[in-house]
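The values are calculated or read from the model by the stated rules, or taken from the named source; none is laboratory data. Being a predicted model, the structure only gives us computed values, none of them experimental. No Cβ is skipped: glycine too gets one built from the backbone with ideal geometry, and neighbour counts run over all protein chains shown. In case anyone asks, the SASA skips ligands and DNA or RNA and just uses the protein heavy atoms, side chains included. Shrake-Rupley method; radii C 1.70, N 1.55, O 1.52, S 1.80 Å.
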Amino acid sequence: MVHLRRAQYRSMPWRNGTGVTLEIAREPGVGNDFEWRLSLATVASSGPFSNYAGYARSVTLIAGEGFQLGIGDQEPVILDRLAATALFPGNAPTHCTLVNGPATDLSLMVREPGAIISVVRIQGITTLTVPLAAGALKAVFCLRDGPRLTLPDDPIAGNPMRPELKLALHDTALLGREVTSLSLAAPMGITTDLLLLTWKVASSERA
C-alpha cells in the first residue's frame, strides 16, 4: 500500500495544450507512453478533451458543479454530482461543457487491451471491510479528510504488522494485485467518503 499525498502530485500539461493536469501516479514512471495513469485536473473552460487513442478512460467529478460530456455519437453524459463517473474510449471525440464555472475531475487511463473494471464510491460511518479484485490494480482516492486504511495481517513468516495509513482530502493509496481486501475506518462522527478504482493492465507481468 503506497500513500501518495496531494502535495506530491506532479503538474503536467494536457496533450492538447489547453490545460494542466496533476499526475498522481503512472506506470512506467517516465517517458511519453504509459500502461496506466491516474491524474487530477481542474477544467477551467469548456472545450475538447485530448485524444488518447488506444486507451480506456474514466472521468469522475471531484469538485465544482460539474460538466456535460459529448462523447462521439453517444447521448451527452452529465456529471453534476460528486463522484459521478463516465467511462469511454480514449479515441472518441469528446467535448466538455461546464455547467457553472470550473470543475475538477479524477481521470484514469489504461492502455488497451487492459481495461478499467470499475469506479465505485464508498461511504460509511463505521469500519468496513471491502473485498477487492484479485489480479487487478487498485487505487483509493479520498473525498473527505481523515479515513484510515488497514490491510489484512501479513501472512509472511507470521508477521503481525498490519499496514495502516490515514488519508487527507484528495490523497491517494495505491494497492497492488495481491491485495484482496481492505478495512476502512471513519473518523469519529465523520462519514468515510472514498473512490475505489480498479483496473487491469494489458500484460499480467506488469504492475
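The accessible-area ordering, largest first, of the residues ARG111, ARG26 stands as ARG111, ARG26, per a 1.4 angstrom probe.
With the simple spin-label model, which puts each label point 7 Å out from Cα in the Cβ direction, the LEU128 to VAL30 separation comes to 3.9 nm.
Extension gain for the segment GLU75 to MET188, taken as residue separation times 0.36 nm less the Cα-Cα distance, is 36.5 nm to one decimal. Could you tell me which of rounded, prolate or oblate describes segment 60-207, using a ≥ b ≥ c as the square roots of the eigenvalues of the alpha-carbon gyration tensor, with rounded for a/c under 1.5 and, failing that, prolate when a/b is larger than b/c and oblate otherwise? Note, shape of segment 60-207 comes out oblate.
Mean separation of Cα pairs under 8 Å and 6 or more residues apart, divided by the residue count, gives the chain a relative contact order of 23 percent. The accessible area of SER45, taken with all protein chains in place and a 1.4 Å probe, comes to roughly 80 Å². In the elastic network of the chain, a GNM with C-alpha springs shorter than 10 Å, the most mobile of LEU22, LEU108, LEU165 is LEU165. Descending by average beta-carbon neighbour count within 10 Å, the peptides 2-11, 78-87 line up as 78-87, 2-11, the highest first. Note on the chain: with charges restricted to the Cβ of Lys and Arg (+1) and Asp and Glu (-1), its dipole about the Cα centre is near 260 debye. Using a probe of 1.4 angstrom and keeping all protein chains present, the accessible surface of the chain works out to 49 square angstrom per residue.
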